[in-house]
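> Take a look at the following structure, please.
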Amino acid sequence: VQLQASGGGLVQAGGSLRLSCEASGSAFSRYYMGWYRQAPGKQRELVAGVSIGSKPYYADSVKGRFTISRDNAKKTVYLQMNSLKPEDTAVYYCNARLSSVYSYWGQGTLVTVSS
């Protein structure tokens, strides 16, 4: 599986961005899809995830502001980010996970939120 993330950029606090992650290969619908982020000097953290049944998970820090969704026909997972804060600034990575062995990462897309 290869993942191509896009949609990052520079936005003012309170603004919105929509990240997309398109997958190549087959069996996309079988993967748990997640969005992670890594800020400078910090560990990578799971921001949001969506199961094969489209059940979402959100980190407490983004609940009520971010929405994750998936379109299996397009092999794409999205992350709608609203009410962005400067602390959301990070490189965002998408991940496709079938198991602990079969886990794939996209190249990352930079999100910068200015105050």
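> As an exercise, find the ratio Rg/Rh for segment 64-115 from alpha-carbon atoms, using the Kirkwood inverse-distance average for Rh.
1.03
> So, with a 1.4 angstrom probe, what is the percent of accessible area on the chain that is carbon and sulfur?
In the chain, the share of accessible area belonging to carbon and sulfur is 48 percent.
> Send over a whole-number figure in Å² for the accessible area per residue of the chain, probe 1.4 Å.
54
> What Kirkwood radius, in Å to one decimal, follows from the Cα pairs of the chain?
14.0
> So, one more: Could you run the Karplus curve 6.51 cos²θ - 1.76 cosθ + 1.60 with θ = phi - 60° over segment 102-115 and give me ³J(HN,Hα) per residue in whole Hz, x for Gly and Pro?
9, 9, 10, 10, x, 7, x, 9, 7, 10, 10, 10, 8, 8
> With r as the distance between the Cβ atoms of Leu110 and Ser61 and R0 = 25 Å, compute the FRET efficiency 1/(1 + (r/R0)^6) and round to 0.05.
About 0.85, to the nearest 0.05.
> From Cα pairs below 8 angstrom and at least 6 apart in sequence, can you work out the relative contact order of the chain, rounded to a whole percent?
36
> Run the simple label-point estimate for Ala27 and Arg44 please: 7 Å along Cα→C-beta, distance reported in nm.
2.0
The values are calculated or read from the model by the stated rules, or taken from the named source; none is laboratory data. Being a predicted model, the structure only gives us computed values, none of them experimental. Positions of Cβ are generated from backbone atoms using ideal geometry, with glycine treated the same way; all protein chains shown enter the neighbour counts. Side chains are part of the model used for accessible areas, which takes the heavy atoms of the whole protein and leaves out ligands, DNA and RNA. Shrake-Rupley method; radii C 1.70, N 1.55, O 1.52, S 1.80 Å.
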